[in-house]
1. Tell me, yes or no, whether region 236-253 has at least one residue that is assigned to a strand (DSSP E or B), surrounded by 15 or more Cβ atoms within 10 Å (Cβ to Cβ) and under 14 Å from the mean Cα position of the chain (by Cα).
2. Does residue 268 qualify as being farther than 17 Å from residue 311 by Cβ and in the same structural domain as residue 306 (by TED's automatic domain parsing)?
3. Say we look at region 257-275 and pick out the residues that are in a loop (DSSP other than H, G, I, E, B) and within 27 Å of residue 157 (Cβ to Cβ); which of these is modelled with the highest pLDDT?
4. Scanning region 321-368 for residues that are under 22 Å from the mean Cα position of the chain (by Cα) and in a loop (DSSP other than H, G, I, E, B), which turns out surrounded by the fewest Cβ atoms within 10 Å (Cβ to Cβ)?
5. Could you count how many residues in region 185-215 are more than 30 Å from residue 152 (Cα to Cα), at pLDDT 90 or above and out of contact with any helix residue (DSSP H, G or I) (no Cβ under 8 Å at 6 or more places or on another chain)?
6. What are the residues in region 276-302 that are under 21 Å from the mean Cα position of the chain (by Cα), crowded, with 21+ Cβ neighbours inside 10 Å and not in a loop (DSSP other than H, G, I, E, B), if any?
7. Taking the options 207, 191, name whichever one is under 30 Å from residue 280 (Cα atoms), in contact with a strand residue (DSSP E or B) (Cβ under 8 Å, 6 or more places away or on another chain) and part of a strand (DSSP E or B).
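The values are calculated or read from the model by the stated rules, or taken from the named source; none is laboratory data. Computed from a predicted structure; not experimentally measured. Here the Cβ is made from the backbone with ideal geometry for all residues, glycine too, and neighbour counts use every protein chain on show.
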(Lines give C-alpha, C1' and ligand atoms only; values in the text may rest on other atoms or scores of the structure.)
Protein backbone atom coordinates (compact mmCIF):
# COMPACT_ATOMS: atom_id res chain seq x y z
CA UNK A 1 0.00 0.00 0.00
CA UNK A 2 3.08 2.25 -0.10
CA UNK A 3 2.36 3.77 3.33
CA UNK A 4 4.23 6.88 4.35
CA UNK A 5 4.26 9.21 7.33
CA UNK A 6 5.14 12.85 6.93
CA UNK A 7 5.97 15.46 9.54
CA UNK A 8 6.23 19.00 8.18
CA UNK A 9 6.90 22.40 9.72
CA UNK A 10 6.93 25.71 7.89
CA UNK A 11 7.33 29.41 8.52
CA UNK A 12 6.65 32.24 6.10
CA UNK A 13 7.10 35.95 6.61
CA UNK A 14 5.60 38.50 4.21
CA UNK A 15 6.49 42.19 4.29
CA UNK A 16 5.86 45.40 2.36
CA UNK A 17 2.53 44.27 0.92
CA UNK A 18 -0.94 43.93 2.41
CA UNK A 19 -1.08 43.58 6.17
CA UNK A 20 2.36 41.93 6.45
CA UNK A 21 1.86 38.41 7.77
CA UNK A 22 3.74 35.76 9.67
CA UNK A 23 2.47 32.25 8.97
CA UNK A 24 3.53 29.25 11.07
CA UNK A 25 2.32 25.83 9.90
CA UNK A 26 2.81 22.22 10.92
CA UNK A 27 1.26 18.86 10.03
CA UNK A 28 1.49 15.17 10.85
CA UNK A 29 0.18 13.21 7.86
CA UNK A 30 -0.37 9.57 6.87
CA UNK A 31 -0.62 8.54 3.19
CA UNK A 32 -1.42 5.13 1.75
CA UNK A 33 -2.94 3.34 -1.29
CA UNK A 34 -5.61 0.88 -0.09
CA UNK A 35 -6.41 -0.28 -3.65
CA UNK A 36 -5.04 0.27 -7.11
CA UNK A 37 -5.82 3.84 -8.24
CA UNK A 38 -7.19 4.75 -4.80
CA UNK A 39 -5.23 7.04 -2.46
CA UNK A 40 -5.91 8.17 1.09
CA UNK A 41 -4.45 11.08 3.02
CA UNK A 42 -5.11 11.49 6.74
CA UNK A 43 -3.92 14.58 8.57
CA UNK A 44 -3.81 13.55 12.20
CA UNK A 45 -3.35 17.22 12.87
CA UNK A 46 -2.47 20.33 10.93
CA UNK A 47 -1.88 23.61 12.66
CA UNK A 48 -1.73 27.11 11.25
CA UNK A 49 -1.06 30.34 13.09
CA UNK A 50 -1.46 33.55 11.10
CA UNK A 51 -0.30 36.83 12.65
CA UNK A 52 -1.03 40.17 11.00
CA UNK A 53 1.80 42.63 11.64
CA UNK A 54 0.73 45.80 9.85
CA UNK A 55 -2.95 46.10 10.80
CA UNK A 56 -2.85 49.88 10.41
CA UNK A 57 -2.50 49.36 6.64
CA UNK A 58 -5.97 47.83 6.32
CA UNK A 59 -7.79 50.70 4.61
CA UNK A 60 -4.85 51.23 2.25
CA UNK A 61 -5.19 47.63 1.07
CA UNK A 62 -8.98 47.21 1.10
CA UNK A 63 -9.82 50.32 -0.87
CA UNK A 64 -13.45 49.43 -1.57
CA UNK A 65 -14.16 49.35 2.17
CA UNK A 66 -12.44 52.69 2.57
CA UNK A 67 -14.36 54.24 -0.35
CA UNK A 68 -17.70 53.07 1.07
CA UNK A 69 -16.89 54.36 4.57
CA UNK A 70 -15.57 57.65 3.23
CA UNK A 71 -18.69 58.21 1.12
CA UNK A 72 -21.04 57.54 4.05
CA UNK A 73 -19.10 59.87 6.37
CA UNK A 74 -19.80 62.83 4.09
CA UNK A 75 -23.52 62.54 4.84
CA UNK A 76 -22.98 63.47 8.50
CA UNK A 77 -21.36 66.13 10.67
CA UNK A 78 -17.91 64.68 11.30
CA UNK A 79 -15.08 66.39 13.26
CA UNK A 80 -12.85 68.34 10.89
CA UNK A 81 -9.71 66.67 12.23
CA UNK A 82 -10.90 63.39 10.70
CA UNK A 83 -10.47 64.83 7.20
CA UNK A 84 -7.61 65.79 4.96
CA UNK A 85 -8.46 67.32 1.59
CA UNK A 86 -12.08 66.27 2.00
CA UNK A 87 -11.40 62.58 2.73
CA UNK A 88 -11.13 60.52 5.89
CA UNK A 89 -7.56 60.19 7.15
CA UNK A 90 -6.21 56.66 7.45
CA UNK A 91 -6.20 55.67 10.35
CA UNK A 92 -7.17 58.50 12.69
CA UNK A 93 -10.17 59.57 10.61
CA UNK A 94 -11.48 56.12 9.73
CA UNK A 95 -11.08 54.76 13.26
CA UNK A 96 -12.54 57.90 14.77
CA UNK A 97 -15.61 57.78 12.54
CA UNK A 98 -16.15 54.06 13.22
CA UNK A 99 -15.91 54.66 16.96
CA UNK A 100 -18.27 57.66 16.82
CA UNK A 101 -20.90 55.49 15.12
CA UNK A 102 -20.34 52.05 16.68
CA UNK A 103 -18.65 52.83 20.01
CA UNK A 104 -20.16 52.39 23.45
CA UNK A 105 -21.03 56.09 23.56
CA UNK A 106 -21.84 57.03 19.94
CA UNK A 107 -21.84 60.69 18.99
CA UNK A 108 -22.90 60.27 15.35
CA UNK A 109 -26.31 58.73 14.69
CA UNK A 110 -26.87 57.39 11.18
CA UNK A 111 -29.76 55.96 9.21
CA UNK A 112 -30.51 52.27 9.63
CA UNK A 113 -29.05 51.36 6.22
CA UNK A 114 -25.87 53.37 6.78
CA UNK A 115 -25.46 51.89 10.26
CA UNK A 116 -25.72 48.36 8.85
CA UNK A 117 -23.14 49.08 6.16
CA UNK A 118 -20.74 50.71 8.63
CA UNK A 119 -21.15 47.77 11.01
CA UNK A 120 -20.49 45.37 8.12
CA UNK A 121 -17.31 47.29 7.20
CA UNK A 122 -16.12 47.12 10.81
CA UNK A 123 -16.93 43.40 11.16
CA UNK A 124 -15.01 42.59 7.95
CA UNK A 125 -12.08 44.70 9.14
CA UNK A 126 -12.00 42.82 12.43
CA UNK A 127 -12.17 39.47 10.64
CA UNK A 128 -9.39 40.20 8.17
CA UNK A 129 -7.05 41.79 10.71
CA UNK A 130 -7.48 39.29 13.54
CA UNK A 131 -4.84 36.64 14.12
CA UNK A 132 -5.95 33.08 13.35
CA UNK A 133 -5.20 29.85 15.20
CA UNK A 134 -6.40 26.74 13.37
CA UNK A 135 -5.88 23.19 14.63
CA UNK A 136 -7.59 20.72 12.30
CA UNK A 137 -7.76 17.06 11.34
CA UNK A 138 -8.80 15.93 7.87
CA UNK A 139 -9.40 12.83 5.76
CA UNK A 140 -9.05 12.87 1.95
CA UNK A 141 -9.92 10.12 -0.52
CA UNK A 142 -9.11 10.06 -4.25
CA UNK A 143 -10.13 7.48 -6.84
CA UNK A 144 -9.20 7.56 -10.52
CA UNK A 145 -9.53 5.23 -13.48
CA UNK A 146 -6.68 6.88 -15.41
CA UNK A 147 -4.05 4.34 -16.43
CA UNK A 148 -1.43 6.66 -17.97
CA UNK A 149 -0.75 9.94 -19.72
CA UNK A 150 -2.18 8.59 -22.98
CA UNK A 151 -5.49 7.62 -21.36
CA UNK A 152 -8.13 10.15 -22.44
CA UNK A 153 -11.17 8.30 -21.10
CA UNK A 154 -11.16 8.40 -17.32
CA UNK A 155 -12.66 9.97 -14.22
CA UNK A 156 -11.27 11.31 -10.95
CA UNK A 157 -13.29 11.52 -7.74
CA UNK A 158 -12.02 13.40 -4.69
CA UNK A 159 -13.63 13.83 -1.29
CA UNK A 160 -12.37 15.55 1.83
CA UNK A 161 -13.71 16.22 5.30
CA UNK A 162 -11.99 18.50 7.79
CA UNK A 163 -12.78 19.35 11.39
CA UNK A 164 -11.12 22.22 13.24
CA UNK A 165 -11.14 23.56 16.77
CA UNK A 166 -12.62 20.67 18.77
CA UNK A 167 -9.41 19.78 20.62
CA UNK A 168 -8.68 23.43 21.38
CA UNK A 169 -12.26 23.89 22.56
CA UNK A 170 -11.87 21.03 25.05
CA UNK A 171 -8.56 22.41 26.31
CA UNK A 172 -9.88 25.96 26.57
CA UNK A 173 -13.00 24.92 28.48
CA UNK A 174 -11.14 22.51 30.74
CA UNK A 175 -8.53 25.12 31.68
CA UNK A 176 -11.12 27.93 31.81
CA UNK A 177 -9.30 30.10 29.29
CA UNK A 178 -10.46 33.74 29.17
CA UNK A 179 -13.10 35.11 26.83
CA UNK A 180 -12.43 37.94 24.40
CA UNK A 181 -14.68 40.97 23.87
CA UNK A 182 -16.87 38.90 21.51
CA UNK A 183 -17.49 36.24 24.15
CA UNK A 184 -15.35 33.55 22.48
CA UNK A 185 -12.67 31.40 24.09
CA UNK A 186 -9.00 32.15 23.45
CA UNK A 187 -5.74 30.22 23.64
CA UNK A 188 -2.70 32.40 24.40
CA UNK A 189 -5.02 35.41 23.88
CA UNK A 190 -5.85 34.20 20.33
CA UNK A 191 -9.38 33.28 19.33
CA UNK A 192 -9.21 29.82 17.75
CA UNK A 193 -11.33 28.75 14.80
CA UNK A 194 -13.94 25.99 15.00
CA UNK A 195 -15.67 24.66 11.89
CA UNK A 196 -16.57 21.58 9.84
CA UNK A 197 -15.57 21.57 6.17
CA UNK A 198 -16.29 19.10 3.39
CA UNK A 199 -15.45 19.05 -0.33
CA UNK A 200 -16.35 16.91 -3.33
CA UNK A 201 -14.89 17.02 -6.83
CA UNK A 202 -15.66 14.87 -9.86
CA UNK A 203 -13.72 15.13 -13.14
CA UNK A 204 -14.67 13.15 -16.25
CA UNK A 205 -12.88 13.07 -19.62
CA UNK A 206 -14.41 11.66 -22.81
CA UNK A 207 -12.21 11.05 -25.86
CA UNK A 208 -14.11 11.56 -29.12
CA UNK A 209 -11.36 10.80 -31.64
CA UNK A 210 -7.65 11.51 -32.16
CA UNK A 211 -7.17 13.11 -28.75
CA UNK A 212 -10.21 15.35 -29.17
CA UNK A 213 -11.57 15.40 -25.63
CA UNK A 214 -14.57 16.71 -23.74
CA UNK A 215 -13.48 17.42 -20.14
CA UNK A 216 -16.00 18.15 -17.37
CA UNK A 217 -15.74 18.97 -13.68
CA UNK A 218 -18.09 19.45 -10.74
CA UNK A 219 -16.87 20.89 -7.42
CA UNK A 220 -18.86 21.46 -4.24
CA UNK A 221 -17.38 22.71 -1.00
CA UNK A 222 -18.89 24.03 2.22
CA UNK A 223 -17.39 25.06 5.56
CA UNK A 224 -19.78 25.63 8.47
CA UNK A 225 -18.60 27.55 11.55
CA UNK A 226 -19.89 26.62 14.99
CA UNK A 227 -18.96 26.73 18.65
CA UNK A 228 -16.18 29.28 19.04
CA UNK A 229 -16.61 30.78 15.56
CA UNK A 230 -19.31 32.50 13.56
CA UNK A 231 -17.30 32.76 10.33
CA UNK A 232 -14.54 30.93 8.47
CA UNK A 233 -10.93 32.20 8.53
CA UNK A 234 -10.01 33.98 5.32
CA UNK A 235 -7.25 31.42 4.65
CA UNK A 236 -9.78 28.55 4.70
CA UNK A 237 -12.64 30.24 2.83
CA UNK A 238 -13.55 29.96 -0.86
CA UNK A 239 -13.24 32.43 -3.71
CA UNK A 240 -14.49 32.34 -7.31
CA UNK A 241 -12.89 33.34 -10.59
CA UNK A 242 -9.40 32.83 -11.95
CA UNK A 243 -7.46 30.61 -14.33
CA UNK A 244 -8.73 27.28 -12.93
CA UNK A 245 -12.26 28.35 -12.01
CA UNK A 246 -14.69 30.67 -13.80
CA UNK A 247 -12.33 32.23 -16.32
CA UNK A 248 -14.65 35.13 -17.22
CA UNK A 249 -13.93 36.68 -13.79
CA UNK A 250 -10.62 37.48 -12.13
CA UNK A 251 -9.77 35.77 -8.83
CA UNK A 252 -11.87 37.01 -5.87
CA UNK A 253 -14.02 39.17 -8.20
CA UNK A 254 -17.12 36.94 -8.45
CA UNK A 255 -19.83 36.82 -5.79
CA UNK A 256 -20.81 36.12 -3.14
CA UNK A 257 -24.19 35.39 -4.70
CA UNK A 258 -25.58 38.37 -6.58
CA UNK A 259 -23.97 40.95 -4.25
CA UNK A 260 -21.79 42.30 -7.04
CA UNK A 261 -18.29 41.78 -5.61
CA UNK A 262 -18.46 44.73 -3.24
CA UNK A 263 -15.10 43.99 -1.63
CA UNK A 264 -11.57 43.98 -3.00
CA UNK A 265 -11.22 40.28 -2.13
CA UNK A 266 -14.56 38.49 -2.05
CA UNK A 267 -14.79 35.21 -0.17
CA UNK A 268 -17.48 32.97 1.33
CA UNK A 269 -17.91 29.54 2.89
CA UNK A 270 -19.92 27.70 0.20
CA UNK A 271 -18.79 27.13 -3.37
CA UNK A 272 -20.23 25.41 -6.42
CA UNK A 273 -18.32 25.16 -9.71
CA UNK A 274 -19.21 23.41 -12.97
CA UNK A 275 -16.89 23.35 -15.99
CA UNK A 276 -17.04 21.86 -19.46
CA UNK A 277 -14.30 22.13 -22.08
CA UNK A 278 -13.88 20.79 -25.61
CA UNK A 279 -10.18 20.24 -26.40
CA UNK A 280 -8.98 19.61 -29.92
CA UNK A 281 -5.76 19.48 -31.92
CA UNK A 282 -4.78 22.34 -34.20
CA UNK A 283 -1.32 20.91 -34.91
CA UNK A 284 0.72 18.26 -33.13
CA UNK A 285 1.92 20.82 -30.58
CA UNK A 286 -0.80 23.48 -30.67
CA UNK A 287 -4.13 22.68 -29.05
CA UNK A 288 -7.39 24.60 -29.02
CA UNK A 289 -10.28 24.69 -26.56
CA UNK A 290 -13.85 25.95 -26.22
CA UNK A 291 -15.18 26.16 -22.68
CA UNK A 292 -18.14 27.04 -20.47
CA UNK A 293 -17.63 27.74 -16.76
CA UNK A 294 -20.43 28.16 -14.22
CA UNK A 295 -20.61 28.64 -10.48
CA UNK A 296 -20.46 31.05 -7.58
CA UNK A 297 -19.76 31.37 -3.88
CA UNK A 298 -22.26 32.12 -1.12
CA UNK A 299 -22.35 32.77 2.61
CA UNK A 300 -24.04 29.91 4.42
CA UNK A 301 -24.82 29.57 8.14
CA UNK A 302 -22.35 32.28 9.14
CA UNK A 303 -22.72 35.84 10.44
CA UNK A 304 -23.13 37.63 7.09
CA UNK A 305 -26.48 39.44 6.95
CA UNK A 306 -26.48 40.59 3.31
CA UNK A 307 -29.32 38.62 1.72
CA UNK A 308 -27.80 39.02 -1.75
CA UNK A 309 -24.70 37.14 -0.59
CA UNK A 310 -26.44 34.31 1.27
CA UNK A 311 -27.43 30.81 0.17
CA UNK A 312 -30.91 30.30 1.58
CA UNK A 313 -32.29 27.38 -0.42
CA UNK A 314 -32.20 25.90 -3.93
CA UNK A 315 -33.65 29.13 -5.31
CA UNK A 316 -30.22 30.69 -4.67
CA UNK A 317 -28.89 28.62 -7.57
CA UNK A 318 -30.32 31.27 -9.90
CA UNK A 319 -27.26 33.31 -8.84
CA UNK A 320 -24.89 30.95 -10.63
CA UNK A 321 -22.66 32.96 -12.95
CA UNK A 322 -21.77 31.65 -16.40
CA UNK A 323 -18.67 32.42 -18.41
CA UNK A 324 -17.58 31.06 -21.76
CA UNK A 325 -14.66 31.47 -24.11
CA UNK A 326 -11.84 29.87 -26.00
CA UNK A 327 -8.21 28.94 -25.40
CA UNK A 328 -4.95 28.19 -27.14
CA UNK A 329 -2.42 25.79 -25.60
CA UNK A 330 1.09 24.76 -26.58
CA UNK A 331 2.26 21.29 -25.59
CA UNK A 332 5.96 21.17 -24.72
CA UNK A 333 5.70 17.47 -23.93
CA UNK A 334 6.50 17.81 -20.23
CA UNK A 335 4.25 20.83 -19.61
CA UNK A 336 1.41 22.69 -21.34
CA UNK A 337 1.37 26.49 -21.64
CA UNK A 338 -2.20 27.79 -21.63
CA UNK A 339 -3.85 31.04 -22.75
CA UNK A 340 -7.63 31.36 -22.25
CA UNK A 341 -10.02 34.23 -22.97
CA UNK A 342 -13.22 34.33 -20.89
CA UNK A 343 -16.39 36.33 -21.56
CA UNK A 344 -19.13 37.09 -19.03
CA UNK A 345 -22.13 35.22 -20.40
CA UNK A 346 -24.55 35.43 -17.46
CA UNK A 347 -23.86 37.89 -14.63
CA UNK A 348 -26.26 37.51 -11.64
CA UNK A 349 -25.08 40.79 -10.08
CA UNK A 350 -26.74 43.10 -12.64
CA UNK A 351 -30.38 43.87 -13.41
CA UNK A 352 -32.44 40.88 -14.54
CA UNK A 353 -32.92 42.13 -18.10
CA UNK A 354 -29.17 42.77 -18.50
CA UNK A 355 -27.74 39.53 -17.17
CA UNK A 356 -27.25 37.61 -20.43
CA UNK A 357 -24.42 38.63 -22.78
CA UNK A 358 -24.22 42.17 -21.40
CA UNK A 359 -20.40 42.25 -21.35
CA UNK A 360 -19.80 39.66 -24.06
CA UNK A 361 -17.04 41.54 -25.87
CA UNK A 362 -13.24 41.76 -25.87
CA UNK A 363 -13.17 45.04 -23.96
CA UNK A 364 -14.72 43.27 -20.94
CA UNK A 365 -13.05 39.89 -21.42
CA UNK A 366 -10.56 38.34 -19.01
CA UNK A 367 -7.22 36.94 -20.19
CA UNK A 368 -5.86 33.92 -18.33
CA UNK A 369 -2.32 32.58 -18.57
CA UNK A 370 -1.68 29.23 -16.92
CA UNK A 371 0.41 26.09 -16.81
CA UNK A 372 -1.20 22.72 -17.65
CA UNK A 373 -4.90 22.08 -17.98
CA UNK A 374 -7.34 23.54 -15.43
CA UNK A 375 -8.90 20.11 -14.72
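1. Taking every residue of region 236-253 in turn, at least one turns out to be assigned to a strand (DSSP E or B), surrounded by 15 or more Cβ atoms within 10 Å (Cβ to Cβ) and under 14 Å from the mean Cα position of the chain (by Cα).
2. Taking the combined requirement at face value, the residue does not satisfy it.
3. The initial filter retains those residues of region 257-275 that are in a loop (DSSP other than H, G, I, E, B), namely 257-267, 269.
Filter again for within 27 Å of residue 157 (Cβ to Cβ), leaving 267, 269.
Working: 267: 94, 269: 97.
So, considering only residues that are in a loop (DSSP other than H, G, I, E, B) and within 27 Å of residue 157 (Cβ to Cβ), the one modelled with the highest pLDDT is 269.
4. Filtering first and then ranking leaves 350.
5. Residues meeting the conditions: 3.
6. Result: 293, 295, 296, 297, 298, 299.
7. None of the others qualify; the one that does is 207.
Results for (1) touching a residue at least 40 places away in the same chain (Cβ under 8 Å); (2) outside the structural domain of residue 310 (by TED's automatic domain parsing), shown as yes or no for each residue.
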residue	(1), (2)
170	no, yes
173	no, yes
193	yes, yes
209	no, yes
217	yes, yes
231	yes, yes
247	yes, no
